Amino acid sequence: MLEIFSYLPVRDRIRISRVCHRWKRLVDDRWLWRHVDLTLYTMRPKVMWHLLRRYMASRLHSLRMGGYLFSGSQAPQLSPALLRALGQKCPNLKRLCLHVADLSMVPITSLPSTLRTLELHSREISMAWLHKQQDPTVLPLLECIVLDRVPAFRDEHLQGLTRFRALRSLVLGGTYRVTETGLDAGLQELSYLQRLEVLGCTLSADSTLLAISRHLRDVRKIRLTVRALSAPGLAVLEGMPALESLCLQGPLITPEMPSPTEILSSCLTMPKLRVLELQGLGWEGQEAEKILCKGLPHCMVIVRACPKESMDWWM
């Protein structure tokens, strides 16, 4: 029953708790409130506070919130007080996903210090969050940042990510103000990254791979859009000692796009490569897929269409 209840939206979970005493006990089970998605709802602030105090608290491991809570004054749901309460009442919170709201007046010190993953989607944030001069002890455990369509994010903020000492994974999606020069300078400061994804940006794939080859010698996972990717651009990854997973994502294919044989040639020089994924290139079931699967027997080769966009496109 618990597994069935876990598929229900939060509002329905609370409603079914009124059916009988047994269902009420099941809805109160800690396991059911480890992962909570509130992006589907518009709810009053007092309802959010009730959920926090009554159901989530120490049970909560990951939380997804979006939009606004509407009171009479249309107050934004993500107030500093609410975020501070998350940190105080939810000591096991590790992942926080924030969607579609204005956080420009919220200080980063309001965020729970236990976070290991922070995802920001279509949000306005205070760029003071990402200044190198800020307190480096904020979010000491943060390992992964997803910046998806954060309009104000630019070169200097990329370098400011060095304030998060535990950071190992970075996802940039639609961060159109980051330049090729800024990416190169930023990755020089972030040379300890183990995972980098650059998707839907204005950067060319060749310039992105060149910056990676210069500064991220220990990177394990790369995922990027193949905008302006060429065979010489891909070749700069040859011999990358730690690279385990490489994903090239379409659909922006150009005449310079490497052929399957050229991709195979580069991948054979990567000693630890175990996953090669090609999305949206139109090679599904074609000769290209056969060439790669046969030539890389030690790898899992995945050739598929681009999945439909969802809130988890970066996973």
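The values are calculated or read from the model by the stated rules, or taken from the named source; none is laboratory data. Source: prediction; values computed, not measured. Don't worry about glycine lacking a Cβ; one is built from the backbone with ideal geometry, like all the others, and counts go over all protein chains shown. Note: accessible area is taken over every heavy atom of the protein model, side chains too, but ligands, DNA and RNA are not part of it. Shrake-Rupley method; radii C 1.70, N 1.55, O 1.52, S 1.80 Å.
Here are the numbers:
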{"item": "Some residue of region 291-299 being closer than 21 Å to Arg195 by Cα, open to solvent by 50 Å² or more (accessible area, probe 1.4 Å), modelled with pLDDT of 90 or more and outside any loop (DSSP other than H, G, I, E, B)", "result": "no"}
{"item": "Number of the exception - Arg220 against (1) within 19 Å of Met270 (Cβ to Cβ); (2) surrounded by 20 or more Cβ atoms within 10 Å (Cβ to Cβ); (3) not aromatic (Phe, Trp, Tyr)", "result": "(2)"}
{"item": "Positions within region 4-14 being among the charged types (D, E, K, R) and surrounded by 16 or more Cβ atoms within 10 Å (Cβ to Cβ), in sequence order", "result": "Arg13"}
{"item": "Some residue of region 200-211 being under 19 Å from the mean Cα position of the chain (by Cα), within 20 Å of Leu248 (Cα to Cα) and at pLDDT 95 or above", "result": "yes"}
{"item": "Count of region 15-32 residues which are among the β-branched types (Val, Ile, Thr) and either open to solvent by 100 Å² or more (accessible area, probe 1.4 Å) or touching a helix residue (DSSP H, G or I) at 6+ places or on another chain (Cβ under 7 Å) (or both)", "result": "2"}
{"item": "Only listed residue being closer than 26 Å to Lys94 by Cα and either open to solvent by 10 Å² or more (accessible area, probe 1.4 Å) or in contact with a Pro (Cβ under 7 Å, 6 or more places away or on another chain) (or both), chosen from Arg177, Arg165, Arg214, Arg227", "result": "Arg165"}
{"item": "Residue tally, condition in contact with a helix residue (DSSP H, G or I) (Cβ under 9 Å, 6 or more places away or on another chain), modelled with pLDDT under 90 and closer than 25 Å to Leu147 by Cβ, over region 49-77", "result": "3"}
{"item": "Filtered residue count, region 44-61, keeping only those that are open to solvent by less than 20 Å² (accessible area, probe 1.4 Å) and either in contact with a Ser or Thr (Cβ under 8 Å, 6 or more places away or on another chain) or within 23 Å of Val100 (Cβ to Cβ) (or both)", "result": "5"}
{"item": "Of residues in region 91-122 being within 18 Å of Leu40 (Cβ to Cβ) and assigned to a loop (DSSP other than H, G, I, E, B), the one least open to solvent (accessible area, probe 1.4 Å)", "result": "Ala101"}
{"item": "Enumeration of residues in region 219-231 that are over 23 Å from Arg177 (Cβ atoms) and either at pLDDT below 95 or polar (S, T, N, Q) (or both)", "result": "Ser230, Ala231"}
{"item": "Qualifying residue in region 250-261 (condition: closer than 24 Å to Leu296 by Cβ, among the hydrophobic types (A, V, I, L, M, F, W, C) and open to solvent by less than 40 Å² (accessible area, probe 1.4 Å))", "result": "yes"}
{"item": "Counted residues, region 207-252 - those being within 19 Å of Cys144 (Cβ to Cβ) and part of a loop (DSSP other than H, G, I, E, B)", "result": "7"}
{"item": "Hey, Val27 over 28 Å from Ser126 (Cβ atoms), touching a Ser or Thr at 6+ places or on another chain (Cβ under 6 Å) and at pLDDT 85 or above or not", "result": "yes"}
